[in-house]
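The values are calculated or read from the model by the stated rules, or taken from the named source; none is laboratory data. If you're wondering where the values come from, they're calculated on a predicted model, not measured in any experiment. Note: ideal-geometry Cβ built from the backbone for every residue, glycine included; neighbour counts use all protein chains shown. Ligands, DNA and RNA are stripped out before the accessible areas are found, and what is left, the full protein with its side chains, is counted by its heavy atoms. Shrake-Rupley method; radii C 1.70, N 1.55, O 1.52, S 1.80 Å.
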Amino acid sequence: MKQANANGKSILVPETLLIVDDEAGIRNLLHQKLSREGYSCKEAGTAEKALNALAASPIALVILDIRLPDKSGTELLPEIKLGYPDTAVVMATVISKVNVATQCLKQGADDYICKPFDLDEVTLSIRRALERRSLRLKIKEYQQYLEDKVEEQTGEIRRLFLGAIESLVCALEAKDRYTGGHSHRVTEVALALGNELGLSATDMEDLRWGSLLHDVGKIAVDQLIQNKPDRLTQEEYEHIMIHAHVGAGIVQPVVNDSVVEMIEHHHDHYDGSGLHQVVAGSDIPLAARILAVADAFDALTSDRPYRPAMSRKKALDEIKRCMRTQFDPVVANAFLRTMSRKSELLALPY
Ligand SMILES: [Fe+2]
């Protein structure tokens, strides 16, 4: 068996065989013969000792006697195949029990050898079983390589697609003088909030994508309505709000459900009073509740066609005012804490 040494060079290492037989004389005979053939041999006189040896270090092949004092070889075989699927097993039996040994082939044994042993046949059987094992390992390794490759390429395609959607969001924002840079600013605030709320690394990654892409559905919104300088009619407001649902549909093929739900629910109100809302309170995904606060703060502090930007202090007061109605109080309070720390750091008035 080839193995890499400490310098990364390939060296030949003898394969380890475990001889399991209750008769010391038989173990000794096989041990001597197989050692001469270049294998490293270990012995076990009981099923329990065999399992201990398997647990202690890797074993390439087990020669397993059918008759053992504590447990039969046929009982031990499935345990070995379950715990050590890469270990080959050759059953050893007296000629009168050959039918039992052939049954073992169906349960995963590679071969059987009959007592009294013809040592050359034993060697041949061991070699063939090890060759089959080596082939199985190579196939397994190749399958793993293919799976890794597919996963890597799927990840690359996903990254490319998400990057393309992000570019689309930037292009949409660049076209609109009121929303330029909105998604990136919202993402920055949402991540600071996620951090404050102790989100896991996975949830933070979802939050990042959900925040960056949350308004991609605005591609379906009429620009004239979006940039209307007057108050929107109910019908126009409803038209603009379809962007949450449309955006969720756009990203759905390449992101997980958490990101889809975050986008779908980012305009939900905590008290359930939002447009066509079906969930409320803590049933709204946490990431969507975070995004709602970050999104609202950036919208309030930016110019809009129908009103100028609010001051930072006024916007924070507005978030405070809408706590428990539009915003989750836990999230809104975390936001106020974050902003207060940031203000201290930057010596801002609020
Ligand atoms: Fe939105």
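The value of relative contact order for segment 1-157, using C-alpha pairs under 8 Å at least six residues apart, is 17 percent. Once the Cα-Cα distance is subtracted from the 0.36 nm per residue extended length, the VAL150 to GLN107 segment shows a gain of 12.3 nm.
Relative to the present Cα-Cα distance, how much length would full extension add between ARG304 and LEU124 at 0.36 nm per residue of separation?
Full extension from ARG304 to LEU124 adds 56.4 nm.
Angle of helix 47-56 to the longest C-alpha principal axis of the chain, folded into 0 to 90 degrees and rounded to 10: 50°.
Ranked by accessible surface with a 1.4 Å probe, highest first, in what order do LYS140, LYS175, LYS218 come?
Working: LYS140 100, LYS175 140, LYS218 45 Å².
From most accessible down to least: LYS175, LYS140, LYS218.
What FRET efficiency do you get for ASN256 and ASP176 if R0 is 22 Å and r is their Cβ-Cβ distance, rounded to the nearest 0.05?
Plugging the Cβ-Cβ distance into 1/(1 + (r/R0)^6) gives 0.15.
Near VAL259, once Lys and Arg are set to +1 and Asp and Glu to -1 for all other residues with Cβ below 12 Å from its Cβ, the sum equals -4. Summing Lys and Arg as +1 and Asp and Glu as -1 over all other residues whose Cβ lies under 11 Å from the Cβ of LEU275 gives a net charge of -2. Scaled to the globular estimate 2.2 N^0.38 Å, the Cα spread of the chain, given as radius of gyration, is 1.67. Relative to the dominant Cα principal axis of the chain, helix 182-196 is inclined by about 60°. The alpha carbon convex hull volume per residue for segment 135-182 rounds to 39 Å³.
Its convex hull of Cα atoms gives segment 228-324 a direction-averaged projected area, equal to a quarter of the hull surface, of 6.7 nm². Whole-Hz Karplus values for segment 299-311 come out as 5, 5, 8, 10, 5, 10, x, 9, 6, x, 5, 7, 6 Hz, taken residue by residue from phi with 6.51 cos²θ - 1.76 cosθ + 1.60 and θ = phi - 60°; glycine and proline positions read x.
If ARG185, ARG133 are ordered by their accessible area, calculated over protein heavy atoms with a 1.4 Å probe, which sequence runs from highest to lowest?
Descending order: ARG185, ARG133.
Name all residues of segment 310-345 having a backbone nitrogen under 12 Å from the label point set 7 Å from the Cα of ASP203 along its Cα→Cβ direction, giving them as ranges. Label zone hits: 331.
Placing unit charges on each Cβ (+1 for Lys and Arg, -1 for Asp and Glu) gives the chain a dipole about its Cα centre, and among LEU232, VAL13, LEU197 the Cα reaching farthest toward its positive end belongs to VAL13.
Roughly what % antiparallel, to the nearest 5, for the DSSP beta bridges in segment 1-156?
15 percent
Take every DSSP beta bridge whose two residues both sit in the chain; close to 15 percent of them are antiparallel. Both radii are taken from the alpha-carbon atoms of segment 94-150; with Rh as the Kirkwood radius, Rg/Rh is 1.18. Start at zero, step by 5 Å, and the Cα-Cα distances of segment 186-287 spread as 2, 13, 21, 21, 21, 13, 6, 3, 0 percent across the bins. Using only the C-alpha atoms, the convex hull of segment 93-221 corresponds to 177 Å³ per residue.
In the full protein context, the chain carries 54 Å² of accessible surface per residue, based on a 1.4 Å probe and ignoring ligands, DNA and RNA.
Add +1 for every Lys or Arg and -1 for every Asp or Glu among the other residues with Cβ under 14 Å from the Cβ of ARG128, and state the total.
Details: positive: ARG127, ARG132, ARG133, ARG136; negative: GLU15, GLU37, ASP110, ASP111, ASP120, GLU121, GLU131.
That works out to -3.
Would you check the accessible area of SER134, probe 1.4 Å, heavy atoms only, in square angstrom rounded to 10? My reading of the accessible area for SER134 is about 40 Å². Would you list, by chain and number, the lysines whose Cα falls below 16 Å from the Cα of LYS218, excluding same-chain residues fewer than 8 positions away? Candidates past the 8-residue exclusion: LYS175, LYS228. Find the percent of Cα-Cα distances in segment 226-271 that exceed 17 Å, and round it to a whole number. When every Cα pair of segment 226-271 is considered, 44 percent fall beyond 17 Å. Along the charge dipole of segment 1-117, Cβ charges K/R +1 and D/E -1, which of LEU77, SER35, GLN103 sits furthest on the positive end? Positive-end residue among those listed: SER35. Taking a point 7 Å out from the Cα of ARG231 in the direction of its Cβ, the residues of segment 263-306 whose backbone N falls within less than 15 Å of it are 306. Rounded to the nearest 20 debye, the dipole size of the chain about its Cα centre is 740 debye, using +1 on the Cβ of Lys and Arg and -1 on the Cβ of Asp and Glu.
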